[in-house]
1. Can you name the residue in the stretch 24-38 that is in contact (Cβ under 8 Å) with a residue 24 or more places away in the chain and not acidic (Asp, Glu) and is also farthest from Asp131 (Cα to Cα) among such residues?
2. So which residues in the stretch 18-30 are more than 14 Å from His118 (Cβ to Cβ) and not in a helix (DSSP H, G or I), if there are any at all?
3. Within the stretch 91-118, how many residues are buried (at least 18 other Cβ atoms within 10 Å of the Cβ) and of a type in the set (Phe, Trp, Tyr)?
4. Taking the condition of being assigned to a loop (DSSP other than H, G, I, E, B) and touching a helix residue (DSSP H, G or I) at 6+ places or on another chain (Cβ under 7 Å), how many residues in the stretch 42-55 meet it?
5. In the stretch 31-41, how many residues are assigned to a loop (DSSP other than H, G, I, E, B) and open to solvent by less than 80 Å² (accessible area, probe 1.4 Å)?
6. So, in the stretch 119-134, of the ones that are assigned to a helix (DSSP H, G or I) and not acidic (Asp, Glu), which residue ends up most open to solvent (accessible area, probe 1.4 Å)?
7. Filter the stretch 109-131 for residues that are in contact with a helix residue (DSSP H, G or I) (Cβ under 6 Å, 6 or more places away or on another chain) and among the β-branched types (Val, Ile, Thr); which is farthest from Pro27 (Cα to Cα)?
Amino acid sequence: MPVGMSGQAPDADMIERLARAALARIPEPFASHLADVVLIVEELADDETLDAMAIDDPLDLTGLYHGRPLGQKSAFDSGGLPDRIMLYREAILYEWIVTGVGLEALVTHVVVHEVGHHFGLSDDDMHALEDAAG
């Protein structure tokens, strides 16, 4: 059954499956550095996150990378939380409805964008990575 055709909004498990599939398509040399990145799907960003990002509407934030970009890590980075990619289901579904972009393509876009932050990539580099992972 095509994504979203069950008559119900895709749940967090489906968003996570799509995101994990997108992560699995990320090519080397990036893929080997993603093993320790945690993927979390929440309904919406919390108020603290929205305030920190200066975002008023939680539907404007589809994903967020928490952690230090790979190039800024050192051997002394121990004991902290693992790097995380947060995906916000309701915001993703809202963008899916508004844009008409396929859900799988949209989740891939959000995941690649957040992975790009992990590697400190430019927007052009992220587009190339998205093409490779698509």
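1. So in the stretch 24-38, the residues in contact (Cβ under 8 Å) with a residue 24 or more places away in the chain come out as 25-27, 30, 33-34, 36-38.
Imposing the further condition that a residue be not acidic (Asp, Glu) reduces the set to 25-27, 30, 33-34, 37-38.
Working: Arg25: 10, Ile26: 10, Pro27: 10, Phe30: 14, His33: 19, Leu34: 18, Val37: 21, Val38: 23 Å.
Out of the qualifying residues, it is Val38.
2. Arg25, Pro27, Glu28
3. The number of residues fulfilling the criteria is 1.
4. As a first pass, look at the stretch 42-55 and keep what is assigned to a loop (DSSP other than H, G, I, E, B): 43-46, 54-55.
Those still in the list that are touching a helix residue (DSSP H, G or I) at 6+ places or on another chain (Cβ under 7 Å) too: 43-45.
Count: 3.
5. Within the stretch 31-41, the subset assigned to a loop (DSSP other than H, G, I, E, B) is 34-37.
Keeping just the survivors that are open to solvent by less than 80 Å² (accessible area, probe 1.4 Å) gives 34, 37.
The qualifying residues number 2.
6. Going residue by residue through the stretch 119-134, those that are assigned to a helix (DSSP H, G or I) are 119, 123-133.
Next, from what is left, pick out any that are not acidic (Asp, Glu): 119, 126-129, 132-133.
On the way: Phe119: 36, Met126: 12, His127: 98, Ala128: 61, Leu129: 8, Ala132: 62, Ala133: 1 Å².
If we take residues in the stretch 119-134 being assigned to a helix (DSSP H, G or I) and not acidic (Asp, Glu), then His127 is most open to solvent (accessible area, probe 1.4 Å).
7. That would be Val111.
A quick yes/no check of all residues on (1) at pLDDT 95 or above; (2) surrounded by fewer than 13 Cβ atoms within 10 Å (Cβ to Cβ); (3) hydroxyl-bearing (Ser, Thr, Tyr); (4) over 15 Å from the mean Cα position of the chain (by Cα):
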{"residue": "Ala12", "(1), (2), (3), (4)": "yes, no, no, no"}
{"residue": "Ile15", "(1), (2), (3), (4)": "yes, no, no, no"}
{"residue": "Ala24", "(1), (2), (3), (4)": "no, yes, no, no"}
{"residue": "Pro29", "(1), (2), (3), (4)": "no, yes, no, yes"}
{"residue": "Asp60", "(1), (2), (3), (4)": "yes, no, no, no"}
{"residue": "Gly67", "(1), (2), (3), (4)": "no, no, no, no"}
{"residue": "Gly80", "(1), (2), (3), (4)": "no, yes, no, yes"}
{"residue": "Leu87", "(1), (2), (3), (4)": "yes, no, no, no"}
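The values are calculated or read from the model by the stated rules, or taken from the named source; none is laboratory data. Here the structure is a predicted model, which means the values were calculated and not measured. Cβ: placed from backbone, ideal geometry, glycine included. Neighbour counts: every protein chain shown. With ligands, DNA and RNA removed, areas are computed over all heavy atoms of the protein, side chains included. Shrake-Rupley method; radii C 1.70, N 1.55, O 1.52, S 1.80 Å.
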